[in-house]
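Student: Pasting in a structure now, in C-alpha coordinates, and then I'll have a few things to ask.
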Amino acid sequence: MDTTHMTLAELQRLLQARELSAKDLLSEHLMRIDNVDHDVKAFLRLTPDLAKEQAATADRALKAGEAGPLAGIPLAVKDVLCVKGVETTAGSQILRGFKAPYTGTAVGRLFEAGAVMVGVTNCDEFAMGSSTENSSYFPTHNPWALDRVPGGSSGGSASAVAAGEAVVSLGTDTGGSIRQPAALCGVVGMKPTYGRVSRYGLIAFASSLDQIGPFTRSVEDCAIVLEAMAGRDPLDATSSDRPNDVRRDFDAGVKGMKLGVPREYYDVDGIEPGVKAAIDKALDVLRGAGAEIVDVTLPHTDYGLAAYYILAPAECSSNLARFDGVKYGMSDQEATNITDAYMNSRRHGFGTEVRRRVMLGTYALSSGYYDAYYLKAQKVRTLIKRDFDTAFEKCDAIVSATSPTVAFPIGSKTKDPLAMYLCDVLTLGGNLAGLPGISVPCGLSEGLPVGLQVLAPQWREDVALRVARAYEVASGVKVEVAPL
(Lines give C-alpha, C1' and ligand atoms only; values in the text may rest on other atoms or scores of the structure.)
Protein backbone atom coordinates (compact mmCIF):
# COMPACT_ATOMS: atom_id res chain seq x y z
CA MET A 1 0.00 0.00 0.00
CA ASP A 2 1.70 3.18 -1.22
CA THR A 3 0.01 6.01 0.65
CA THR A 4 1.84 8.64 -1.42
CA HIS A 5 -0.32 7.67 -4.40
CA MET A 6 -3.68 7.70 -2.62
CA THR A 7 -6.41 10.32 -2.47
CA LEU A 8 -7.50 12.24 0.61
CA ALA A 9 -10.82 10.37 0.67
CA GLU A 10 -9.08 6.97 0.51
CA LEU A 11 -6.64 7.91 3.27
CA GLN A 12 -9.46 9.39 5.35
CA ARG A 13 -11.18 6.01 5.44
CA LEU A 14 -7.97 4.19 6.44
CA LEU A 15 -7.17 6.71 9.16
CA GLN A 16 -10.66 6.65 10.64
CA ALA A 17 -10.68 2.83 10.62
CA ARG A 18 -7.32 2.98 12.47
CA GLU A 19 -5.71 0.90 9.72
CA LEU A 20 -3.17 3.69 9.31
CA SER A 21 -1.77 6.24 11.74
CA ALA A 22 -1.13 9.90 11.03
CA LYS A 23 2.43 9.39 12.28
CA ASP A 24 3.11 6.62 9.73
CA LEU A 25 1.43 8.58 6.94
CA LEU A 26 3.65 11.57 7.70
CA SER A 27 6.78 9.40 7.77
CA GLU A 28 6.00 7.96 4.34
CA HIS A 29 5.52 11.41 2.83
CA LEU A 30 8.69 12.81 4.40
CA MET A 31 10.54 9.82 2.97
CA ARG A 32 8.97 10.48 -0.44
CA ILE A 33 10.10 14.11 -0.27
CA ASP A 34 13.61 12.98 0.63
CA ASN A 35 13.64 10.61 -2.34
CA VAL A 36 12.30 12.85 -5.10
CA ASP A 37 12.43 16.53 -4.18
CA HIS A 38 16.09 16.93 -5.08
CA ASP A 39 14.85 16.55 -8.68
CA VAL A 40 11.43 18.23 -8.45
CA LYS A 41 12.37 21.08 -6.09
CA ALA A 42 8.78 21.68 -5.04
CA PHE A 43 9.71 22.74 -1.50
CA LEU A 44 11.61 25.76 -0.24
CA ARG A 45 11.63 24.52 3.33
CA LEU A 46 10.19 21.65 5.35
CA THR A 47 8.44 21.85 8.73
CA PRO A 48 9.08 18.40 10.29
CA ASP A 49 8.76 19.50 13.93
CA LEU A 50 5.40 21.17 13.34
CA ALA A 51 4.28 18.18 11.25
CA LYS A 52 5.17 15.65 13.95
CA GLU A 53 3.32 17.67 16.57
CA GLN A 54 0.24 17.94 14.34
CA ALA A 55 0.37 14.23 13.44
CA ALA A 56 0.45 13.28 17.12
CA THR A 57 -2.55 15.54 17.75
CA ALA A 58 -4.38 13.96 14.79
CA ASP A 59 -3.73 10.44 16.09
CA ARG A 60 -5.14 11.37 19.50
CA ALA A 61 -8.25 12.86 17.86
CA LEU A 62 -8.70 9.80 15.63
CA LYS A 63 -8.42 7.49 18.62
CA ALA A 64 -11.01 9.52 20.51
CA GLY A 65 -13.37 9.62 17.54
CA GLU A 66 -13.17 13.41 17.42
CA ALA A 67 -11.13 13.83 14.22
CA GLY A 68 -11.77 16.57 11.68
CA PRO A 69 -12.18 15.89 7.94
CA LEU A 70 -8.45 16.38 7.23
CA ALA A 71 -7.08 14.62 10.32
CA GLY A 72 -3.57 13.33 9.58
CA ILE A 73 -3.56 14.45 5.93
CA PRO A 74 -0.14 15.79 4.73
CA LEU A 75 -0.50 19.39 3.52
CA ALA A 76 1.91 21.66 1.62
CA VAL A 77 1.50 25.44 1.77
CA LYS A 78 2.54 28.01 -0.85
CA ASP A 79 5.18 30.49 0.27
CA VAL A 80 2.75 33.42 0.24
CA LEU A 81 0.55 32.11 3.07
CA CYS A 82 1.54 33.04 6.60
CA VAL A 83 2.05 30.29 9.19
CA LYS A 84 3.05 31.35 12.67
CA GLY A 85 6.74 30.79 13.35
CA VAL A 86 7.45 29.48 9.84
CA GLU A 87 9.67 31.44 7.44
CA THR A 88 7.40 32.99 4.80
CA THR A 89 9.14 34.84 1.96
CA ALA A 90 6.78 34.99 -1.05
CA GLY A 91 9.61 33.47 -3.08
CA SER A 92 11.55 36.72 -2.64
CA GLN A 93 14.89 37.76 -1.20
CA ILE A 94 13.33 40.89 0.27
CA LEU A 95 11.52 38.75 2.89
CA ARG A 96 14.23 36.16 3.44
CA GLY A 97 14.29 35.25 7.13
CA PHE A 98 10.85 36.70 7.89
CA LYS A 99 8.81 34.49 10.22
CA ALA A 100 5.11 35.23 10.32
CA PRO A 101 3.72 36.21 13.74
CA TYR A 102 0.32 34.62 13.00
CA THR A 103 -1.33 31.94 10.85
CA GLY A 104 -3.65 32.98 8.03
CA THR A 105 -7.31 32.00 8.21
CA ALA A 106 -7.41 29.51 5.30
CA VAL A 107 -4.38 27.60 6.58
CA GLY A 108 -5.60 27.83 10.16
CA ARG A 109 -8.96 26.29 9.26
CA LEU A 110 -7.20 23.33 7.64
CA PHE A 111 -5.09 22.95 10.77
CA GLU A 112 -8.30 22.95 12.82
CA ALA A 113 -9.61 20.22 10.50
CA GLY A 114 -6.54 18.13 11.38
CA ALA A 115 -4.18 18.72 8.43
CA VAL A 116 -0.46 18.08 8.93
CA MET A 117 1.82 20.66 7.32
CA VAL A 118 4.92 19.08 5.76
CA GLY A 119 6.45 22.22 4.28
CA VAL A 120 6.42 25.46 2.30
CA THR A 121 6.33 25.26 -1.48
CA ASN A 122 8.20 27.28 -4.07
CA CYS A 123 6.44 29.92 -6.18
CA ASP A 124 7.07 32.79 -8.55
CA GLU A 125 8.18 35.81 -6.54
CA PHE A 126 5.13 37.47 -4.96
CA ALA A 127 3.03 35.12 -7.15
CA MET A 128 4.04 36.98 -10.32
CA GLY A 129 4.60 34.45 -13.09
CA SER A 130 3.33 31.44 -15.00
CA SER A 131 6.23 29.01 -14.67
CA THR A 132 7.77 29.24 -11.16
CA GLU A 133 10.99 30.36 -12.85
CA ASN A 134 10.63 33.79 -11.22
CA SER A 135 11.32 32.37 -7.76
CA SER A 136 14.38 34.08 -6.30
CA TYR A 137 15.58 30.69 -5.02
CA PHE A 138 15.42 28.16 -7.87
CA PRO A 139 12.97 26.94 -10.52
CA THR A 140 10.65 24.05 -9.73
CA HIS A 141 10.55 21.16 -12.22
CA ASN A 142 7.47 19.42 -13.60
CA PRO A 143 7.36 15.86 -12.21
CA TRP A 144 6.10 14.58 -15.58
CA ALA A 145 9.19 15.88 -17.39
CA LEU A 146 11.95 17.41 -15.31
CA ASP A 147 13.11 19.67 -18.14
CA ARG A 148 9.65 21.31 -18.25
CA VAL A 149 8.01 23.98 -16.09
CA PRO A 150 5.23 23.06 -13.66
CA GLY A 151 3.31 26.25 -14.44
CA GLY A 152 2.94 29.11 -12.02
CA SER A 153 2.82 30.92 -9.86
CA SER A 154 1.82 28.01 -7.59
CA GLY A 155 4.12 25.55 -9.36
CA GLY A 156 5.63 24.16 -6.18
CA SER A 157 2.22 23.32 -4.72
CA ALA A 158 1.07 21.63 -7.95
CA SER A 159 4.32 19.67 -8.27
CA ALA A 160 4.19 18.51 -4.65
CA VAL A 161 0.81 16.83 -5.20
CA ALA A 162 1.76 15.50 -8.66
CA ALA A 163 4.98 13.99 -7.29
CA GLY A 164 3.31 12.30 -4.31
CA GLU A 165 5.03 14.57 -1.78
CA ALA A 166 1.77 15.88 -0.28
CA VAL A 167 -1.83 14.70 -0.48
CA VAL A 168 -3.18 18.25 -0.55
CA SER A 169 -1.58 21.64 -1.13
CA LEU A 170 -2.68 25.26 -1.10
CA GLY A 171 -2.00 27.80 -3.82
CA THR A 172 -3.25 31.20 -4.84
CA ASP A 173 -4.89 32.27 -8.09
CA THR A 174 -4.69 35.88 -9.31
CA GLY A 175 -4.83 35.25 -13.05
CA GLY A 176 -4.75 31.46 -13.25
CA SER A 177 -2.02 30.53 -10.78
CA ILE A 178 -3.88 27.51 -9.41
CA ARG A 179 -5.67 26.27 -12.51
CA GLN A 180 -2.76 26.60 -14.98
CA PRO A 181 -0.17 24.66 -12.92
CA ALA A 182 -2.86 22.10 -12.06
CA ALA A 183 -3.34 21.54 -15.79
CA LEU A 184 0.38 21.34 -16.54
CA CYS A 185 1.06 18.94 -13.65
CA GLY A 186 -2.01 16.74 -14.16
CA VAL A 187 -3.77 17.38 -10.84
CA VAL A 188 -7.05 18.99 -9.75
CA GLY A 189 -6.87 22.68 -8.84
CA MET A 190 -9.66 25.08 -7.93
CA LYS A 191 -10.02 28.85 -7.66
CA PRO A 192 -13.11 29.70 -5.58
CA THR A 193 -15.34 32.72 -6.11
CA TYR A 194 -13.63 35.90 -4.94
CA GLY A 195 -14.72 36.21 -1.30
CA ARG A 196 -15.50 32.54 -0.70
CA VAL A 197 -12.19 31.99 1.14
CA SER A 198 -10.63 34.53 3.50
CA ARG A 199 -7.45 36.22 2.26
CA TYR A 200 -6.29 37.08 5.79
CA GLY A 201 -2.68 35.91 6.06
CA LEU A 202 -2.05 36.01 2.32
CA ILE A 203 0.85 38.21 1.20
CA ALA A 204 -1.06 40.26 -1.34
CA PHE A 205 -0.25 40.61 -5.04
CA ALA A 206 -3.46 42.13 -6.44
CA SER A 207 -6.09 42.37 -3.74
CA SER A 208 -9.19 42.50 -5.97
CA LEU A 209 -8.07 39.37 -7.84
CA ASP A 210 -6.22 37.10 -5.38
CA GLN A 211 -7.95 33.99 -4.11
CA ILE A 212 -6.73 30.94 -2.17
CA GLY A 213 -7.58 27.42 -3.32
CA PRO A 214 -6.56 23.75 -3.17
CA PHE A 215 -4.60 21.27 -5.28
CA THR A 216 -5.74 17.66 -4.87
CA ARG A 217 -5.78 14.23 -6.53
CA SER A 218 -9.53 14.09 -7.10
CA VAL A 219 -12.54 16.38 -7.39
CA GLU A 220 -13.96 14.87 -4.19
CA ASP A 221 -10.77 15.79 -2.34
CA CYS A 222 -11.02 19.32 -3.72
CA ALA A 223 -14.56 19.68 -2.41
CA ILE A 224 -13.57 18.39 1.04
CA VAL A 225 -10.71 20.88 1.36
CA LEU A 226 -12.69 23.84 0.01
CA GLU A 227 -15.56 23.13 2.38
CA ALA A 228 -13.13 23.04 5.32
CA MET A 229 -11.57 26.46 4.64
CA ALA A 230 -14.46 28.46 3.13
CA GLY A 231 -16.68 30.90 4.98
CA ARG A 232 -16.96 34.32 6.53
CA ASP A 233 -13.95 35.70 8.37
CA PRO A 234 -14.23 38.92 10.42
CA LEU A 235 -10.54 39.54 9.65
CA ASP A 236 -11.28 39.87 5.91
CA ALA A 237 -13.99 42.37 5.00
CA THR A 238 -14.22 40.94 1.47
CA SER A 239 -15.12 37.44 2.68
CA SER A 240 -18.73 36.34 2.28
CA ASP A 241 -21.18 34.91 4.80
CA ARG A 242 -23.05 32.97 2.10
CA PRO A 243 -23.95 29.36 2.98
CA ASN A 244 -21.05 26.94 2.65
CA ASP A 245 -22.91 24.69 0.20
CA VAL A 246 -20.08 23.83 -2.18
CA ARG A 247 -20.92 20.09 -2.17
CA ARG A 248 -24.60 20.47 -3.06
CA ASP A 249 -25.66 17.98 -5.80
CA PHE A 250 -22.03 16.83 -5.97
CA ASP A 251 -22.82 13.45 -7.55
CA ALA A 252 -25.91 14.52 -9.51
CA GLY A 253 -24.14 14.27 -12.88
CA VAL A 254 -24.57 16.53 -15.90
CA LYS A 255 -27.64 15.00 -17.50
CA GLY A 256 -29.88 17.86 -18.62
CA MET A 257 -27.23 20.53 -17.99
CA LYS A 258 -26.12 22.99 -20.67
CA LEU A 259 -22.38 23.51 -20.91
CA GLY A 260 -21.13 26.46 -22.93
CA VAL A 261 -18.05 26.45 -25.14
CA PRO A 262 -16.88 30.01 -25.93
CA ARG A 263 -15.58 30.25 -29.49
CA GLU A 264 -12.98 32.77 -28.24
CA TYR A 265 -11.53 30.10 -25.90
CA TYR A 266 -11.92 27.19 -28.32
CA ASP A 267 -10.07 28.90 -31.19
CA VAL A 268 -7.65 30.94 -29.09
CA ASP A 269 -4.38 31.82 -30.81
CA GLY A 270 -1.56 29.47 -29.90
CA ILE A 271 -3.62 26.52 -28.75
CA GLU A 272 -1.74 23.32 -29.49
CA PRO A 273 -3.40 20.66 -31.68
CA GLY A 274 -2.91 18.01 -28.98
CA VAL A 275 -4.59 20.19 -26.37
CA LYS A 276 -7.52 20.88 -28.70
CA ALA A 277 -7.88 17.17 -29.44
CA ALA A 278 -7.97 16.36 -25.72
CA ILE A 279 -10.66 19.01 -25.13
CA ASP A 280 -12.74 17.69 -28.06
CA LYS A 281 -12.59 14.24 -26.51
CA ALA A 282 -13.59 15.65 -23.12
CA LEU A 283 -16.58 17.41 -24.68
CA ASP A 284 -17.64 14.09 -26.22
CA VAL A 285 -17.43 12.47 -22.76
CA LEU A 286 -19.66 15.18 -21.30
CA ARG A 287 -22.15 14.76 -24.17
CA GLY A 288 -22.19 11.04 -23.52
CA ALA A 289 -22.93 11.73 -19.86
CA GLY A 290 -26.06 13.65 -20.86
CA ALA A 291 -24.90 17.27 -21.09
CA GLU A 292 -25.92 19.53 -23.96
CA ILE A 293 -22.91 21.38 -25.40
CA VAL A 294 -23.88 24.85 -26.61
CA ASP A 295 -21.97 27.67 -28.28
CA VAL A 296 -21.54 30.89 -26.30
CA THR A 297 -19.50 33.99 -26.89
CA LEU A 298 -17.31 36.19 -24.69
CA PRO A 299 -16.73 39.06 -27.12
CA HIS A 300 -14.33 41.10 -24.98
CA THR A 301 -11.90 38.22 -24.42
CA ASP A 302 -9.24 39.82 -26.62
CA TYR A 303 -9.08 42.81 -24.27
CA GLY A 304 -8.79 40.74 -21.11
CA LEU A 305 -5.04 40.22 -21.20
CA ALA A 306 -4.34 43.94 -21.63
CA ALA A 307 -6.80 44.90 -18.89
CA TYR A 308 -5.38 42.34 -16.50
CA TYR A 309 -1.80 43.49 -17.03
CA ILE A 310 -2.81 47.03 -16.14
CA LEU A 311 -4.99 46.23 -13.13
CA ALA A 312 -2.81 43.56 -11.51
CA PRO A 313 0.44 45.58 -11.72
CA ALA A 314 -1.37 48.69 -10.48
CA GLU A 315 -2.54 46.83 -7.39
CA CYS A 316 0.86 45.20 -6.95
CA SER A 317 2.66 48.55 -7.03
CA SER A 318 0.44 49.69 -4.17
CA ASN A 319 0.62 46.47 -2.15
CA LEU A 320 4.39 46.12 -2.44
CA ALA A 321 5.04 49.69 -1.30
CA ARG A 322 5.11 48.31 2.26
CA PHE A 323 8.38 46.50 1.52
CA ASP A 324 10.58 49.54 2.01
CA GLY A 325 13.51 48.22 4.04
CA VAL A 326 12.24 49.91 7.19
CA LYS A 327 9.47 47.84 8.79
CA TYR A 328 10.63 44.30 7.95
CA GLY A 329 12.59 42.32 5.40
CA MET A 330 15.80 43.26 3.61
CA SER A 331 17.29 46.62 4.55
CA ASP A 332 20.35 48.36 3.11
CA GLN A 333 22.37 49.18 6.22
CA GLU A 334 25.04 51.01 4.23
CA ALA A 335 22.73 53.71 2.86
CA THR A 336 23.51 57.26 3.99
CA ASN A 337 19.98 58.64 3.53
CA ILE A 338 16.40 57.40 3.53
CA THR A 339 15.95 57.64 -0.25
CA ASP A 340 18.96 55.42 -0.93
CA ALA A 341 17.78 53.01 1.76
CA TYR A 342 14.40 52.65 0.04
CA MET A 343 15.81 52.32 -3.47
CA ASN A 344 18.66 49.97 -2.68
CA SER A 345 16.55 47.66 -0.50
CA ARG A 346 13.92 47.32 -3.21
CA ARG A 347 16.40 47.14 -6.08
CA HIS A 348 18.31 44.25 -4.51
CA GLY A 349 15.34 42.62 -2.76
CA PHE A 350 12.95 42.44 -5.72
CA GLY A 351 13.59 40.31 -8.80
CA THR A 352 13.28 41.38 -12.44
CA GLU A 353 9.62 40.46 -12.95
CA VAL A 354 8.49 42.10 -9.73
CA ARG A 355 10.34 45.30 -10.58
CA ARG A 356 8.81 45.23 -14.07
CA ARG A 357 5.27 44.96 -12.71
CA VAL A 358 5.79 47.58 -10.02
CA MET A 359 6.99 50.02 -12.69
CA LEU A 360 4.10 49.16 -15.02
CA GLY A 361 1.60 49.62 -12.21
CA THR A 362 3.09 52.86 -10.95
CA TYR A 363 3.02 54.27 -14.48
CA ALA A 364 -0.61 53.27 -14.99
CA LEU A 365 -1.60 54.99 -11.75
CA SER A 366 0.47 58.13 -12.28
CA SER A 367 -0.96 61.58 -12.86
CA GLY A 368 -2.04 62.05 -16.46
CA TYR A 369 -2.24 58.30 -17.19
CA TYR A 370 -4.77 57.08 -14.61
CA ASP A 371 -7.82 57.73 -16.82
CA ALA A 372 -6.14 56.49 -19.98
CA TYR A 373 -5.01 53.18 -18.51
CA TYR A 374 -6.30 52.16 -15.08
CA LEU A 375 -9.80 53.60 -15.39
CA LYS A 376 -10.21 52.23 -18.91
CA ALA A 377 -9.03 48.80 -17.76
CA GLN A 378 -11.65 48.84 -15.00
CA LYS A 379 -14.32 49.56 -17.62
CA VAL A 380 -13.08 46.62 -19.69
CA ARG A 381 -13.27 44.46 -16.58
CA THR A 382 -16.93 45.39 -16.24
CA LEU A 383 -17.56 44.45 -19.87
CA ILE A 384 -15.88 41.08 -19.36
CA LYS A 385 -18.05 40.43 -16.30
CA ARG A 386 -21.14 41.28 -18.35
CA ASP A 387 -19.99 38.88 -21.09
CA PHE A 388 -19.94 36.06 -18.57
CA ASP A 389 -23.32 37.06 -17.13
CA THR A 390 -24.83 36.95 -20.62
CA ALA A 391 -23.20 33.61 -21.41
CA PHE A 392 -24.54 32.07 -18.19
CA GLU A 393 -28.06 32.97 -19.27
CA LYS A 394 -27.60 30.31 -21.98
CA CYS A 395 -25.68 27.68 -20.02
CA ASP A 396 -25.05 26.33 -16.53
CA ALA A 397 -21.26 26.35 -16.79
CA ILE A 398 -18.50 27.12 -19.29
CA VAL A 399 -15.93 24.52 -20.34
CA SER A 400 -12.64 25.00 -22.16
CA ALA A 401 -8.98 24.12 -22.08
CA THR A 402 -7.23 25.44 -18.97
CA SER A 403 -3.97 26.21 -20.75
CA PRO A 404 -3.49 26.54 -24.53
CA THR A 405 -0.27 24.50 -24.26
CA VAL A 406 1.19 21.65 -22.30
CA ALA A 407 4.18 22.28 -20.03
CA PHE A 408 6.93 24.08 -21.95
CA PRO A 409 10.71 23.68 -21.56
CA ILE A 410 12.37 25.53 -18.69
CA GLY A 411 13.95 28.73 -20.01
CA SER A 412 12.03 28.79 -23.29
CA LYS A 413 9.94 31.88 -22.45
CA THR A 414 11.94 33.74 -19.83
CA LYS A 415 13.24 36.29 -22.32
CA ASP A 416 9.80 37.01 -23.79
CA PRO A 417 7.46 38.34 -21.06
CA LEU A 418 4.51 38.65 -23.47
CA ALA A 419 4.76 34.98 -24.45
CA MET A 420 4.74 34.11 -20.75
CA TYR A 421 1.73 36.36 -20.08
CA LEU A 422 -0.21 34.59 -22.86
CA CYS A 423 -0.13 31.40 -20.77
CA ASP A 424 -2.98 32.90 -18.70
CA VAL A 425 -5.23 33.85 -21.60
CA LEU A 426 -7.87 31.20 -20.78
CA THR A 427 -7.84 31.66 -17.01
CA LEU A 428 -7.57 35.37 -16.22
CA GLY A 429 -11.13 36.13 -17.34
CA GLY A 430 -12.39 34.12 -14.38
CA ASN A 431 -10.38 36.33 -12.02
CA LEU A 432 -11.51 39.59 -13.62
CA ALA A 433 -15.12 38.44 -13.24
CA GLY A 434 -14.63 36.90 -9.77
CA LEU A 435 -15.85 33.46 -10.87
CA PRO A 436 -15.15 30.01 -9.44
CA GLY A 437 -13.15 27.75 -11.73
CA ILE A 438 -11.61 24.30 -11.57
CA SER A 439 -9.11 22.41 -13.72
CA VAL A 440 -9.26 18.63 -13.96
CA PRO A 441 -6.94 16.33 -15.93
CA CYS A 442 -8.39 15.27 -19.28
CA GLY A 443 -5.66 13.20 -20.87
CA LEU A 444 -2.20 13.65 -22.32
CA SER A 445 -0.65 15.40 -25.31
CA GLU A 446 2.90 14.45 -26.23
CA GLY A 447 3.00 12.50 -22.98
CA LEU A 448 2.21 15.60 -20.91
CA PRO A 449 -1.00 16.43 -18.98
CA VAL A 450 -3.84 18.54 -20.41
CA GLY A 451 -6.41 20.26 -18.20
CA LEU A 452 -10.15 20.82 -18.71
CA GLN A 453 -11.39 24.07 -17.15
CA VAL A 454 -14.91 24.49 -15.78
CA LEU A 455 -16.10 28.03 -14.94
CA ALA A 456 -19.38 28.58 -13.10
CA PRO A 457 -21.39 31.66 -12.08
CA GLN A 458 -20.36 33.52 -8.95
CA TRP A 459 -20.96 31.55 -5.72
CA ARG A 460 -21.74 28.38 -7.70
CA GLU A 461 -18.72 26.29 -6.74
CA ASP A 462 -21.25 23.48 -6.42
CA VAL A 463 -21.90 23.66 -10.18
CA ALA A 464 -18.21 23.71 -11.10
CA LEU A 465 -17.50 20.77 -8.79
CA ARG A 466 -20.55 18.86 -10.05
CA VAL A 467 -19.47 19.17 -13.70
CA ALA A 468 -15.86 18.33 -12.88
CA ARG A 469 -16.95 15.32 -10.85
CA ALA A 470 -19.26 14.10 -13.62
CA TYR A 471 -16.42 14.33 -16.14
CA GLU A 472 -14.04 12.53 -13.78
CA VAL A 473 -16.51 9.68 -13.31
CA ALA A 474 -17.61 9.40 -16.95
CA SER A 475 -14.10 9.61 -18.40
CA GLY A 476 -12.37 7.37 -15.91
CA VAL A 477 -9.41 9.75 -16.02
CA LYS A 478 -7.74 9.81 -12.63
CA VAL A 479 -4.92 11.86 -11.21
CA GLU A 480 -1.77 9.78 -11.43
CA VAL A 481 1.38 10.43 -9.45
CA ALA A 482 3.99 11.42 -12.04
CA PRO A 483 6.34 8.60 -13.08
CA LEU A 484 9.51 9.92 -11.48
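The values are calculated or read from the model by the stated rules, or taken from the named source; none is laboratory data. Every value quoted in this text rests on a predicted model; they were computed, and no experiment measured them. Positions of Cβ are backbone-derived with ideal geometry, glycine not excepted, and every protein chain shown enters the neighbour counts.
Table: residues versus (1) assigned to a helix (DSSP H, G or I); (2) among the aromatic types (Phe, Trp, Tyr); (3) modelled with pLDDT of 95 or more; (4) touching a Leu at 6+ places or on another chain (Cβ under 9 Å).
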{"position": "ASP24", "(1), (2), (3), (4)": "yes, no, yes, no"}
{"position": "ILE33", "(1), (2), (3), (4)": "yes, no, yes, yes"}
{"position": "VAL36", "(1), (2), (3), (4)": "yes, no, yes, yes"}
{"position": "LEU44", "(1), (2), (3), (4)": "no, no, yes, no"}
{"position": "LEU50", "(1), (2), (3), (4)": "yes, no, yes, no"}
{"position": "ARG60", "(1), (2), (3), (4)": "yes, no, yes, no"}
{"position": "LYS63", "(1), (2), (3), (4)": "yes, no, yes, no"}
{"position": "GLU66", "(1), (2), (3), (4)": "no, no, yes, no"}
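Student: Name the single residue that is nearest to SER345 (Cα to Cα) among those in the stretch 316-332 being under 26 Å from the mean Cα position of the chain (by Cα) and surrounded by fewer than 23 Cβ atoms within 10 Å (Cβ to Cβ).
Tutor: Out of the qualifying residues, it is GLY329.
Student: A follow-up question, please. Listed residues GLY164, GLY231, GLY201; which is buried (at least 24 other Cβ atoms within 10 Å of the Cβ), touching a residue at least 24 places away in the same chain (Cβ under 8 Å) and in contact with a helix residue (DSSP H, G or I) (Cβ under 9 Å, 6 or more places away or on another chain)?
Tutor: After applying the criteria, what remains is GLY164.
Student: With the checklist (1) out of contact with any Leu (no Cβ under 6 Å at 6 or more places or on another chain); (2) buried (at least 22 other Cβ atoms within 10 Å of the Cβ); (3) closer than 22 Å to HIS141 by Cα in hand, flag the one item GLN453 doesn't pass.
Tutor: All conditions pass for GLN453, except number (3).
Student: Let me ask another. If I filter the stretch 138-152 for residues that are closer than 24 Å to GLY72 by Cα and touching a helix residue (DSSP H, G or I) at 6+ places or on another chain (Cβ under 9 Å), do I get at least one hit?
Tutor: no
Student: Identify, by number, the condition in (1) crowded, with 22+ Cβ neighbours inside 10 Å; (2) more than 21 Å from the chain's Cα centre (by Cα); (3) among the aliphatic types (A, V, I, L, M); (4) closer than 18 Å to LEU170 by Cα that ALA22 doesn't meet.
Tutor: Tallying (1) crowded, with 22+ Cβ neighbours inside 10 Å; (2) more than 21 Å from the chain's Cα centre (by Cα); (3) among the aliphatic types (A, V, I, L, M); (4) closer than 18 Å to LEU170 by Cα, ALA22 fails exactly one: (4).
Student: Now for a different question. Filter the stretch 333-351 down to the residues that are more than 23 Å from TYR137 (Cβ to Cβ) and among the charged types (D, E, K, R), then identify the one that is nearest to the chain's Cα centre (by Cα).
Tutor: Top of the filtered list is ASP340.
Student: Give me a count of the residues in the stretch 127-143 that are crowded, with 24+ Cβ neighbours inside 10 Å and either in contact with a Ser or Thr (Cβ under 6 Å, 6 or more places away or on another chain) or free of Cβ contacts under 8 Å to residues at least 24 places away in the same chain (or both).
Tutor: Residues in the stretch 127-143 being crowded, with 24+ Cβ neighbours inside 10 Å and either in contact with a Ser or Thr (Cβ under 6 Å, 6 or more places away or on another chain) or free of Cβ contacts under 8 Å to residues at least 24 places away in the same chain (or both): 5 in total.
Student: Let me ask something else. Can you tell me which residues in the stretch 443-465 are within 15 Å of ALA282 (Cα to Cα) and over 18 Å from the mean Cα position of the chain (by Cα)?
Tutor: Passing the criteria: GLY443, LEU444, SER445.
Student: If you don't mind, there's one more thing I want to ask. Taking the conditions exactly as written (more than 27 Å from TRP144 (Cα to Cα) and crowded, with 18+ Cβ neighbours inside 10 Å), does LEU62 satisfy them or not?
Tutor: So LEU62 passes the test.
Student: Can you find, within the stretch 240-284, the residue that is farthest from GLU227 (Cα to Cα) among those that are among the basic types (Lys, Arg) and in a loop (DSSP other than H, G, I, E, B)?
Tutor: Checked the stretch 240-284; the qualifying residue farthest from GLU227 (Cα to Cα) is LYS255.
Student: If you go through the stretch 336-367 one residue at a time, how many are surrounded by fewer than 19 Cβ atoms within 10 Å (Cβ to Cβ) and assigned to a loop (DSSP other than H, G, I, E, B)?
Tutor: 4
Student: Next question, about the same structure. Only one of VAL406, VAL354 is in contact with a strand residue (DSSP E or B) (Cβ under 8 Å, 6 or more places away or on another chain), closer than 30 Å to ALA145 by Cβ and modelled with pLDDT of 95 or more; which?
Tutor: VAL406
Student: Read through the list (1) buried (at least 24 other Cβ atoms within 10 Å of the Cβ); (2) free of Cβ contacts under 8 Å to residues at least 24 places away in the same chain, then give the number of the only condition that ASP79 fails.
Tutor: The single condition ASP79 does not satisfy is (2).
Student: Shifting gears a bit: Output the residues belonging to the stretch 297-325 that are more than 15 Å from THR427 (Cα to Cα) and either in contact with a Cys (Cβ under 9 Å, 6 or more places away or on another chain) or charged (D, E, K, R) (or both).
Tutor: Passing the criteria: GLU315, ARG322, ASP324.
Student: Could you say which residue among THR382, THR427, THR390 is of a type in the set (Val, Ile, Thr), within 22 Å of LEU209 (Cβ to Cβ) and either buried (at least 16 other Cβ atoms within 10 Å of the Cβ) or at pLDDT below 95 (or both)?
Tutor: Being of a type in the set (Val, Ile, Thr), within 22 Å of LEU209 (Cβ to Cβ) and either buried (at least 16 other Cβ atoms within 10 Å of the Cβ) or at pLDDT below 95 (or both) holds for just one of THR382, THR427, THR390, which is THR427.
Student: I've got another one for you. Applying the selection to the stretch 48-65, what residues are of a type outside the set (Lys, Arg) and farther than 23 Å from THR7 by Cβ?
Tutor: Hits for the stretch 48-65 are PRO48, ASP49, LEU50, GLU53, ALA56, ALA64.
Student: Right, here's the next one. Can you name every residue in the stretch 188-211 that is under 18 Å from GLU461 (Cα atoms), more than 8 Å from the chain's Cα centre (by Cα) and among the aliphatic types (A, V, I, L, M)?
Tutor: VAL188, VAL197, LEU209, listed by residue number.
Student: Under 7 Å by Cβ, and 6 or more places apart or on different chains, what pairs join a residue from the stretch 44-55 that is more than 14 Å from PHE111 (Cβ to Cβ) with one that is surrounded by fewer than 21 Cβ atoms within 10 Å (Cβ to Cβ)?
Tutor: LEU44/TYR137; ARG45/GLU87; PRO48/LEU30
Student: Quick one: would you say GLY290 is touching a Leu at 6+ places or on another chain (Cβ under 7 Å), surrounded by fewer than 17 Cβ atoms within 10 Å (Cβ to Cβ) and not in a helix (DSSP H, G or I)?
Tutor: So GLY290 fails the test.
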